[in-house]
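Throughout, read-outs are computed from the coordinates displayed, never taken from laboratory work. Not measured: the values here are computed from a predicted model. Here Cβ is always computed from backbone atoms with ideal geometry, including for glycine, and neighbour counts include all displayed protein chains.
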Amino acid sequence: MLNISAIPIFEDNYIWALEQNGKVIAVDPGEAAPLQSWLTQQQFELAAILITHHHADHIGGLASLAHPDLPIYGPAHIDYINRPLHGGESLALLGEQFQVIATPGHTLNHLCYFGAGLLLAGDTLFSAGCGRLFEGTPAQMYASLTSLAQLPHDTLLCCTHEYTQSNLRFALAVEPNNLALQQRAKQVAELRSLGQPSLPSTIAIELASNPFLRSEQMAVQQRVREQIPEANTPEQVFAALRKWKDNFR
């Protein structure tokens, strides 16, 4: 079983560190120094890096961390990647098998990694939210999220940003009467008041409280149609939700 740690960087990013027997897989090291300090403090060795996509806050530490003997997995077009991936591959990491899932939407070449009961989701699926569509289409992101929603319900969601509280404010605007969502908001508020991460979440929690995974629910559809009456299919409801969230304050 892997031990997982969330190393905070920047204002609201996390580097996820997966550890077993002193060997560590780092996910999206946007900054090198906090990871290097943590590794030294714990007396761990960096064994590999996983990258989900090319945005600077996810890859900024690669220049300092990369060396010829360190496997760096990720989308093929990124500097310092020496194990290029496209989706559909299987990786053996720290004695566990991870499936590489192509999840276009936030970016066209975004990848997620699923294994050992973990979903390393980058900026595709957030707790109570999803990534902005910088490159992909609503249809692509809807398909990507639908595929992730089919993972086992007890899968731990490890995304890269501490956006949960702001996402929950939007989710409550969509489903104010959702009791599971109300309870989630209370739990997260308590965690954050104590300075603790809201992550990881689980697929089960997200299915109950994340509006972007709930566009087939009647309550969500009815609320969205108050904003955009022509949103008829679940995919159109998702697209309307994403547009609404882009302008939500």
Q | Linear extension gain, residue 70 paired with residue 56, 0.36 nm per residue minus alpha-carbon span | A | 3.0 nm
Q. Roughly what angle does helix 218-227 make with the longest principal axis of the chain, taking Cα atoms, 0 to 90 degrees, to the nearest 10?
A. 80
Q) Which three semi-axes in whole Å describe the equivalent ellipsoid of the range 197-249, each the square root of 5 times a Cα gyration tensor eigenvalue, listed largest first? A) 22, 13, 8
Q) To the nearest Å, what is the center-to-center distance of the range 97-126 and the range 187-229, using C-alpha atoms only? A) 19
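Express in % the proportion of alpha carbon pairs of the range 15-118 at distances exceeding 20 Å.
Working: 1785 of 5356 pairs.
The calculated P(r) of the range 15-118 puts 33 percent of pairs beyond 20 Å.
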Q.
Within the range 115-135, name every residue whose backbone N is under 14 Å away from a label modeled 7 Å from Cα of residue 180 along the Cβ vector.
A. 128-129
Q. Label residue 78 and residue 1 with points 7 Å out from Cα along Cα→Cβ: what is the distance between them in nm?
A. 2.9
Q: Taking the dipole about the Cα centre of the range 3-246, with the C-beta of Lys and Arg at +1 and of Asp and Glu at -1, give me whichever of 95, 159, 145 is farthest to the positive side.
A: 145
Q) Which entry in [x] 28, 24, 18; [y] 34, 18, 17; [z] 31, 20, 15 is this structure's computed semi-axes √(5λ) of the Cα gyration tensor in Å? A) [z]
Q: Pull up the cross-link candidates among the lysines for residue 186, meaning alpha carbon to alpha carbon under 22 Å and not fewer than 8 places away within one chain.
A: 245
Q: With θ set to phi - 60°, apply the Karplus curve 6.51 cos²θ - 1.76 cosθ + 1.60 along the range 22-36 and write out the HN-Hα couplings as whole Hz, x wherever there is a Gly or Pro.
A: x, 9, 10, 9, 9, 10, 6, x, x, 9, 7, 4, x, 5, 5
Q: Report the residue, chosen from 131, 61, 195, that carries the largest GNM mean-square fluctuation when the chain is represented by alpha-carbon nodes joined by springs under 10 Å.
A: 195
Q) What are the aspartates and glutamates whose alpha-carbon lies under 20 Å from the alpha-carbon of residue 243, with same-chain residues fewer than 8 places away excluded? A) 123, 135, 175, 206, 216, 226, 230, 235
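Would you order 198, 64 from fewest to most other beta-carbon atoms within 10 Å of each residue's own beta-carbon? Intermediate values should be presented prior to the final figure.
On the way: 198 21, 64 13.
Final ranking by Cβ density, sparse to dense: 64, 198.
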Q) Quick one: putting +1 on the C-beta of Lys and Arg, -1 on the C-beta of Asp and Glu, what dipole do you get for the chain around its Cα centre, in Debye to the nearest 20? A) 660
